[in-house]
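What follows is a set of notes on a single structure, which appears directly below.
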Amino acid sequence: MIDNYVGMKSALLDQKIHAVGTTGEGRSVILKDVPTLAEGGVKGYDVVSWNALFAPAGTPPEIIAKLNAGLREVLALPDVKQKLLDLGIEARAGSPEELKARLVADIAKWTKVIEQSGIPKQ
């Protein structure tokens, strides 16, 4: 099964299930001893969930910068970092430019997957 960490956390801790691989490009800080699927032989496999905050189009750049700085500050707080890790979230704040690049790359990646697999467009 593939699921997020928080959904499997209790079963993992109780050793009712065992993690055999993580789906990201690098090892998870939560499951340090669990190899990635790429390490296990599934080359190029990199599938992770992510979240982002968006502002309305036309929001002044100085407001975006202030919001981004505040987010970075909050996500750097040790107690916030730990609470998020407990929920299975390895939070990383990025810049608006990094988010745009991620969106562009993910749209291209998943468009290719959909086309190659023959999934009908909805």
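Every number in this text was worked out from the coordinates using simple rules, so none of it is lab data. Quick caveat, the model's predicted, so the values are computed rather than measured. Reconstructed Cβ throughout: ideal geometry from the backbone, glycine too, with neighbour counts over all protein chains shown.
Tabulated data
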quantity: Coil-residue trypsin sites (Lys or Arg not before Pro) of the range 76-111, DSSP, other Cβ within 10 Å capped at 13; calculated: ARG92
quantity: Amide H within-cut-off set for THR36, under 5 Å, with H built and near neighbours excluded; calculated: THR22
quantity: Local net charge near GLY26, Cβ-Cβ under 13 Å (Lys/Arg +1, Asp/Glu -1); calculated: -1
quantity: Those aspartates and glutamates that a straight Cα-Cα span of less than 12 Å connects to LYS43, excepting residues fewer than 8 apart in one chain; calculated: GLU25
quantity: Alpha-carbon gyration tensor eigenvalues x 5, square-rooted, for the chain, Å; calculated: 29, 24, 12
quantity: Rounded to whole Hz, the Karplus (6.51, -1.76, 1.60) HN-Hα couplings of the range 62-76, x for glycine and proline; calculated: 5, 6, 4, 4, 5, 4, 5, 5, x, 5, 4, 4, 5, 5, 8
quantity: Spin-label model distance (nm) - ASN51 vs ILE114, 7 Å beyond Cα toward Cβ; calculated: 2.4 nm
quantity: For the chain, size of Cβ-based charge dipole, Lys and Arg +1, Asp and Glu -1, in debye; calculated: 140 debye
quantity: The range 50-122, Cα convex hull volume normalised per residue, Å³; calculated: 122 Å³
quantity: Nitroxide proxy distance, nm - points 7 Å out along Cα→Cβ at LEU13 and ALA65; calculated: 4.3 nm
